[in-house]
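Report on one structure; see the data block that follows.
The values are calculated or read from the model by the stated rules, or taken from the named source; none is laboratory data. Only a predicted model underlies this, so the values are computations on that prediction, with no experimental measurement involved. Every residue, glycine as well, gets a Cβ built from its backbone with ideal geometry; the counts of neighbours run over all protein chains shown. Protein only, heavy atoms only, side chains kept; ligands, DNA and RNA dropped before computing areas. Shrake-Rupley method; radii C 1.70, N 1.55, O 1.52, S 1.80 Å.
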Amino acid sequence: MKTRVKELRTAANMTQQQLAELVHVSSRTIISIEKEQYSPSLMLAYRMARVFGVSVEELCCLEENREEEDRKYEDLS
């Protein structure tokens, strides 16, 4: 799942380790989220959104991800 975590983290001048500590996960988790290899749980997404002062929808690009998923289902029809 695409997110804006890396974009928001770098704009905040924050390291992966610093973000990880603020949201109570390992830096490996942050790395995996930024590489789109792992989708954060709702609670983790909420914690990160609070750190950056954005909504979960904005952090997780929910509209964009929904549109992409919808296109995949349309292609199967």
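Listed values, structure above:
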quantity: All positions within region 20-44 that are open to solvent by less than 50 Å² (accessible area, probe 1.4 Å) and either touching a Leu at 6+ places or on another chain (Cβ under 9 Å) or charged (D, E, K, R) (or both); calculated: Val23, Val25, Ser27, Thr29, Ile30, Ile33, Glu34, Pro40
quantity: Flag if Thr10 is touching a Phe, Trp or Tyr at 6+ places or on another chain (Cβ under 9 Å) and not in a loop (DSSP other than H, G, I, E, B); calculated: no
quantity: From the options Arg9, Arg47, residue that is surrounded by 12 or more Cβ atoms within 10 Å (Cβ to Cβ) and in contact with a His (Cβ under 8 Å, 6 or more places away or on another chain); calculated: Arg47
